[in-house]
1. Go through the range A:39-75 residue by residue and tally those that are over 30 Å from residue B:172 (Cα atoms) and out of contact with any helix residue (DSSP H, G or I) (no Cβ under 8 Å at 6 or more places or on another chain).
2. Can you tell me which of (1) more than 14 Å from chain A (Cβ to nearest Cβ); (2) in contact (Cβ under 8 Å) with a residue 12 or more places away in the chain is the one residue B:93 doesn't meet?
3. Is it true that residue A:195 is in a helix (DSSP H, G or I), over 21 Å from residue A:258 (Cβ atoms), within 8 Å of chain B (Cβ to nearest Cβ) and within 27 Å of the chain's Cα centre (by Cα)?
4. In this structure, is residue A:52 modelled with pLDDT of 90 or more and surrounded by fewer than 15 Cβ atoms within 10 Å (Cβ to Cβ)?
5. Does the range B:163-182 contain at least one residue that is in a helix (DSSP H, G or I) and loosely packed, with under 15 Cβ neighbours inside 10 Å?
6. With the condition kept exactly as written, say whether any residue in the range A:142-153 is surrounded by fewer than 16 Cβ atoms within 10 Å (Cβ to Cβ) and assigned to a helix (DSSP H, G or I).
7. Looking at A:43, A:95, A:88 in this structure, which one is surrounded by 20 or more Cβ atoms within 10 Å (Cβ to Cβ), more than 13 Å from every other protein chain (Cβ to nearest Cβ) and assigned to a helix (DSSP H, G or I)?
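The values are calculated or read from the model by the stated rules, or taken from the named source; none is laboratory data. On a predicted model such as this, the values are computed, not experimentally measured, just so you know. When we count neighbours, we look across all protein chains shown, and the Cβ atoms used for this are built from the backbone with ideal geometry, even at glycine.
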């Protein structure tokens, strides 16, 4: 390479110096992005490729991995515990998404106005978003505790339950306390996302519709909904994929209980890989989860985009 | 410190002239009172769990075992719970230090890497540029939870398993799609003329980036650093998986030790104190920098 440049330099100095300057600029651009590229390659692309490779092996923590072809995937097909975890994750995703987007939209419509008080309300609704899932889950583990927590004592004092009931001991109340926690913690996030759509609606539209005698419901259906479709699509994708990956809250508050009924997909992968140390099988489970998630995102984007363009 | 959430509406409302104030009819006034009543009720509902926790953390040991009705210490505030928290492992400040190191290092490295990359993508042309850009952004499509197992092996190969350095590198990588995108847009928004003027004055290369362009991109840099800090401070699953030696635990992982209890009983007072320690830095950072937080959130969302 350098020999060619040397010859060219001797023959046509002007052209080659311009070319080498361009090459130098190319090189500079690559240098600037090199650290980011290196991190993504080493800590993302390489592990992603390795996931596929590992899923085709029996891969213990210590000792040599052994090639077993598609045996992990065959085993996975009959793994009732995994499918049950995936089923529970979908069940949770359904209710968490309804709760989060419903509450988020209600908060956004309520707090979209201007003024100092409304800004304060928005800040209050948003504060739980910034505290982190581990903190929120630990907080909820205490609030829902039967001996020292708030909820059982409060329900008893209000006469809702006779005596103090352990709400984390049976599936339904345990599931709903976690779901309520997630709605409390994340609704403010979806409020902000949806509000970015509401604010793109010019005030004239609603004003004009109001003058023309459109009811509040009609204005919502025909002006608000179509204009927030894009941020709504984004909120939906974020919410569904976030819920499908739920781990912290079920691990910290319920430890997968009662009777392992609240083990989510990520929780099951965590158990397989880092408690039982069946790394190859864990990788195969990860691949299935990954494919499901990418497919879900693509389907949701396609559904919502298609409608918008068809209008 | 302003508590106003800086949303586009608030900004545009400032730009348009205020509507002339009509005198309110009684029905409107009732409507408004009901609106604020609802607003205050819901706001209190959202703030209550945080307030209960912080208040309860200051109860003395005798009260800490009781349900928080009321949550505040009846016999005067005490730091008992915080003191007992120090009896876990190496003492709570050790783990708070670990968390702080990880969060600060993640923020610093994320800023460094994404400023360089954002500048490179904004101002230079090089082969495969758009492919590399798309590849960095596309990592957001793949949840990191699904590559935990091989990441564990990659860290082991690099001799970084069970180290804070390894954890920081992973956190930085997770921040990159958002951060590089933010910084590329931030540099795109700076007019080229400024750069040309600086070049004519003889400022070039890295010096140009640091002295001239970085101050202009500062709002974006603050957003990127803020998100990196908060996400690293709060992250749980990767820390749980990759840190195996108790000495290296970050706060969330250490708090799991408190939550699991000793000799079959859980010290809820210590748990309240620990969670207070985890929450308060996030709340303070958000309240003082919320303009940058919301801007980062909506910039990521709208585009």
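1. Of the residues in that region, 8 qualify.
2. If we test residue B:93 against (1) more than 14 Å from chain A (Cβ to nearest Cβ); (2) in contact (Cβ under 8 Å) with a residue 12 or more places away in the chain, just (2) comes out false.
3. Working: in a helix (DSSP H, G or I): yes; over 21 Å from residue A:258 (Cβ atoms): yes; within 8 Å of chain B (Cβ to nearest Cβ): yes; within 27 Å of the chain's Cα centre (by Cα): yes.
Yes, satisfied.
4. Working: modelled with pLDDT of 90 or more: yes; surrounded by fewer than 15 Cβ atoms within 10 Å (Cβ to Cβ): yes.
Yes; evaluated as a whole, the condition is true for this residue.
5. Of the range B:163-182, the ones in a helix (DSSP H, G or I) are B:164-182.
From the residues that got through so far, the ones that are loosely packed, with under 15 Cβ neighbours inside 10 Å too are B:165.
Yes, the range B:163-182 contains a residue that is in a helix (DSSP H, G or I) and loosely packed, with under 15 Cβ neighbours inside 10 Å.
6. Within the range A:142-153, not a single residue is surrounded by fewer than 16 Cβ atoms within 10 Å (Cβ to Cβ) and assigned to a helix (DSSP H, G or I).
7. The unique qualifying residue is A:88.
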